[in-house]
Each structure stands twice: as structure tokens, then as C-alpha cells.
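Here's the structure we're looking at; comments come further down.
Read-outs: derived from the displayed coordinates by stated rules, not from any lab. None of these values were measured; they are calculated from a predicted model. Note that we place each Cβ from the backbone using ideal geometry, even for glycine, and neighbour counts take in every protein chain shown.
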Amino acid sequence: MPRCDEETLARRGALSISRCAHCDTISLHVGGVSLRLEPEVLHHLWELIGVALSAPSVRRAALSFDRPRAEAS
Ligand SMILES: [Zn+2]
């Protein structure tokens, strides 16, 4: 079995996503941890993250994160 030949698809800070040209798996790298996934599993993960991010408590947290903090007076 040939070794994986990964091409980086996207990178931001400590996060990156790569694809193997031999076996078509997608690797999700988060710092020192890597998850090697079949492409369809990545799509399920993407959907699941979307569901989690649409939860009201997460939306409220995101809104307060985007909003500039009020200056202390
Ligand atoms: Zn591979």
C-alpha cells in the first residue's frame, strides 16, 4: 500500500485540512492532533458542526464574541 501523499487544501493558524492523492482520505489537523476521514464522513462532520453552531446558546455566544466590548467607565 503506498504511503499517503497529502496535499494541503486549506490552512488557518494551527488548523489545516489535507487530502491524500492515493487513497482520497481527508485529514483534519488541529494542532498536534489529526483525524483521518473518508470524504463522506467529513461531509457528515460539516453538517453536524452546522447543527451545533445553529443552537441558540452558540448563536448568542457568537454574537457577543463579534460585538465590541463596552468600555468600562
Ligand atoms: Zn492515502
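Across the range 14-26, what is the number of residues that are surrounded by 13 or more Cβ atoms within 10 Å (Cβ to Cβ), closer than 15 Å to residue 46 by Cβ and of a type in the set (A, V, I, L, M, F, W, C)?
2
Could you list, in sequence order, the residues of the range 1-40 that are of a type in the set (Lys, Arg), near the ligand (Cβ under 9 Å from one of its atoms) and either assigned to a loop (DSSP other than H, G, I, E, B) or within 12 Å of the chain's Cα centre (by Cα) (or both)?
3
Here is a yes/no grid of residues against (1) touching a residue at least 60 places away in the same chain (Cβ under 8 Å); (2) loosely packed, with under 10 Cβ neighbours inside 10 Å; (3) of a type outside the set (A, V, I, L, M):
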| site | (1), (2), (3) |
| --- | --- |
| 6 | no, no, yes |
| 28 | no, no, no |
| 37 | no, no, no |
| 40 | no, yes, yes |
| 55 | no, no, no |
